[in-house]
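To keep things clear, I will list the structure first and then write my remarks on it.
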Amino acid sequence: MAIIRLGVQQYTVNNIFCVARNYLAHAKEMDSVIADEPMFFIKPNSAVLQSGETIVLPSWSRDVHHELELLVLIGRGGKQIAEADALHHVAGYALGLDLTARDVQAQAKKAGNPWTLAKGFDGAAVMTRFVAAEGLDPANQAFTLTINGQLRQSAHTQDMAFSVAQLIAWLSDKFTLQPGDLIYTGTPEGVGPIVVGDVLTLDWPGFVQESFAVV
């Protein structure tokens, strides 16, 4: 399983929780709405793709999309964590891509089936290096995705329907969170297809700038 190194600490990636919709504009572009509670799905930890690796598109999809997200690394687990205490359980943050086989997902939605194949294939959970959570306010962060130098997605966490603290509190009420769990916090508008030859650059000014090539 993948290892995340953060200073002298290291974490084995455990559960990967992903928010299906957390930005209003993205929900609208997907002809959907944001409910009163977060909607989550889970990716297998075999989907992780880390810094320095390349994105390999699955042969069985013709329409893989990028979804830029802020990632949360749980450093201290717990159950029924209060929202006021939630950020004390975070070890670090990163940027990532929730890659989605959109054609496969559309077929699954039409049939009323789970999205697991569309969301959980090898390499579908892209992540940059992590930065320490100490002193960082996740409610006031901006980041972008460019592809081949062209801006495709721009996010600000103030636009989240559910804050990082709210997501942690909600999840921990339903699941026991553990060190090494990851939360993909949702994507802004602007999702779209990627193809072989693309170079995707994730930029969080002052913290992270990393590129991933599609091969």
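Filtering the stretch 70-112 to residues that are out of contact with any helix residue (DSSP H, G or I) (no Cβ under 8 Å at 6 or more places or on another chain) and polar (S, T, N, Q) leaves only Gln107. Taking the stated definitions as given, is Val126 under 22 Å from Asp36 (Cβ atoms), modelled with pLDDT of 95 or more and under 14 Å from the mean Cα position of the chain (by Cα)? Spelling it out, it is not the case that Val126 is under 22 Å from Asp36 (Cβ atoms), modelled with pLDDT of 95 or more and under 14 Å from the mean Cα position of the chain (by Cα).
Restricted to the stretch 130-140, and to residues there that are within 14 Å of Ala86 (Cα to Cα) and of a type in the set (A, V, I, L, M), the residue that is surrounded by the most Cβ atoms within 10 Å (Cβ to Cβ) is Ala133. Taken over the stretch 43-81, the criterion of being of a type in the set (S, T, N, Q) and in a loop (DSSP other than H, G, I, E, B) is satisfied by Gln50, Ser51, Thr54, Ser59, Ser61, Gln80.
Within the stretch 93-129, the set of residues being assigned to a loop (DSSP other than H, G, I, E, B) and crowded, with 24+ Cβ neighbours inside 10 Å comprises Leu99, Ala124. Looking across the stretch 25-44 at every residue that is within 23 Å of Pro114 (Cα to Cα) and aliphatic (A, V, I, L, M), the one that is modelled with the highest pLDDT is identified as Ile42.
The values are calculated or read from the model by the stated rules, or taken from the named source; none is laboratory data. Given the structure is predicted, the values throughout are model-derived calculations rather than measurements. Neighbour counts are summed over all protein chains in view; Cβ atoms, including those assigned to glycine, are modelled from backbone coordinates with ideal geometry.
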